[in-house]
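Colleague: Would you mind keeping the following structure in view while I ask a few things?
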Amino acid sequence: EENASTHAARGAHAKGHACVKAYFRVENQLAPALQHGIFNDSGRQYKAWIRFSNASSNFAQSDDRNKDTRGMAIKIINVEAGENAWLDGSALTQDFLMHSNPVFFSANIEDYNKLVESENKLLSFLDGANPFKWRLRELMHALDTLAPPPPSPLIEDYFSNTAYRLGPHNMKFSAQTCASHTTPRNKPAEDPDFLKRALAQHLKSDSACFHFMVQLQNPGKYMPIEDPSVEWEAEDSPWRRVATIDIPSQDTGAAEQVAFCENLSFSPWNALKAHRPVGQLNRIRKQVYEASSAIRHDVNGVAAPTDLGW
């Protein structure tokens, strides 16, 4: 009952702060290893929608002041498939989904299910009397994931957690803010929607940007695909900028845009084959995202928008 609402929200990242219009511009003169998929056309500029959100599934009582993970979901809308083709022919977009922590808090789907099904979340990491079987690394990641909020969704870095293809390579990706991280993270008083308001106020008169980065898997280093709780270290493979995201000044509170945002669907499988999701967790996400979207739209009596242009 604590999650009760007359509205069927997303199963995760239920509370959106806004969907914003953005430009996704591929960098010039990329190294050949990076020129795959949408990054194959140097200097190309795409239009995109970006949804900023809280990770909590509690739509009815979500409070921006609480510790949580924040989300950034990018939907690039004017992609030409060429030889790449889409994984899902019904969703002709390239989506990049990210969270505000570089690693996932579960090493595999079994650990994740155990956490979700446990009444005592802490004890799920300390299962049994044998301390050698305790999942302390995952516990620390879970605690790090529940972080104090940023001053604005625009002053945060976001990460894919799981791995994807970049042509013949495996990669992780990240959107890193152009803004300074030195703004203090003071807990705002008496405003459970302060992230939405901060984003709207900023974009009312100013623009924002992010650097879109990729990190290629180094086969000679410990950079596993199947365990997203292991961080790929920058010293093993540096982050490399492949695009810039420009968010122009705009009104994020228009009623039509808010409704459009709420009905929009994102999935890591809305992707070109060149950016195919890899790993067990991503394979399971395909069914979960499809089912969640279908149920949400059916209960709300709406359809996912098909006209994504702006």
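The values are calculated or read from the model by the stated rules, or taken from the named source; none is laboratory data. Computed from a predicted model, the values in this text were never measured in an experiment. For neighbour counting, all protein chains shown are included, and Cβ atoms are generated from backbone atoms with ideal geometry for every residue, glycine included. Quick note on the areas: whole protein, heavy atoms, side chains included, nothing else; ligands and nucleic acids left out. Shrake-Rupley method; radii C 1.70, N 1.55, O 1.52, S 1.80 Å.
Colleague: Rg to Rh ratio, the stretch 222-279, alpha-carbon atoms and Kirkwood radius? Mind dumping the intermediate values first?
Modeller: Details: Rg = 17.4 Å, Rh = 15.7 Å.
Checking Rg against Rh, the ratio lands at 1.10.
Colleague: Follow-up question, since we're still on this one. Too long at a 27 Å Cα-Cα cut-off: which of Lys21/Lys221; Lys47/Lys204; Lys15/Lys172; Lys196/Lys286; Lys172/Lys286; Lys47/Lys286?
Modeller: Numbers: Lys21/Lys221 38 Å; Lys47/Lys204 19 Å; Lys15/Lys172 25 Å; Lys196/Lys286 29 Å; Lys172/Lys286 18 Å; Lys47/Lys286 24 Å.
Those over the limit are Lys21/Lys221; Lys196/Lys286.
Colleague: Within the set of other residues whose C-beta is less than 13 Å from the C-beta of Gly309, count the net charge using Lys and Arg as +1 and Asp and Glu as -1. Present the calculation step by step, with values, prior to reporting the outcome.
Modeller: On the way: positive: Lys21, Lys47, Lys75; negative: Asp307.
Within the 13 Å Cβ shell, the charges total +2.
Colleague: Here's something else I'd like to know. Please get the size of the charge dipole for the stretch 160-310, origin at its Cα centre, with Cβ charges of +1 on Lys and Arg and -1 on Asp and Glu, quoted in debye to the nearest 20. If you can, show how the numbers build up before the last one.
Modeller: Numbers: 16 positive and 17 negative charges, 92 e Å.
Dipole about the Cα centre, nearest 20: 440 debye.
Colleague: What percent does the relative contact order of the stretch 251-310 come to when contacts are Cα pairs within less than 8 Å and at least six residues apart? Could you put the intermediate results ahead of the total?
Modeller: Values: 25 pairs, mean separation 23.6, N = 60.
RCO, the stretch 251-310: 39 percent.
Colleague: Here is a further query. Tell me the accessible surface of Trp269 in square angstrom (1.4 angstrom probe, heavy atoms of protein chains only), to the nearest ten.
Modeller: The accessible area of Trp269 comes to roughly 20 Å².
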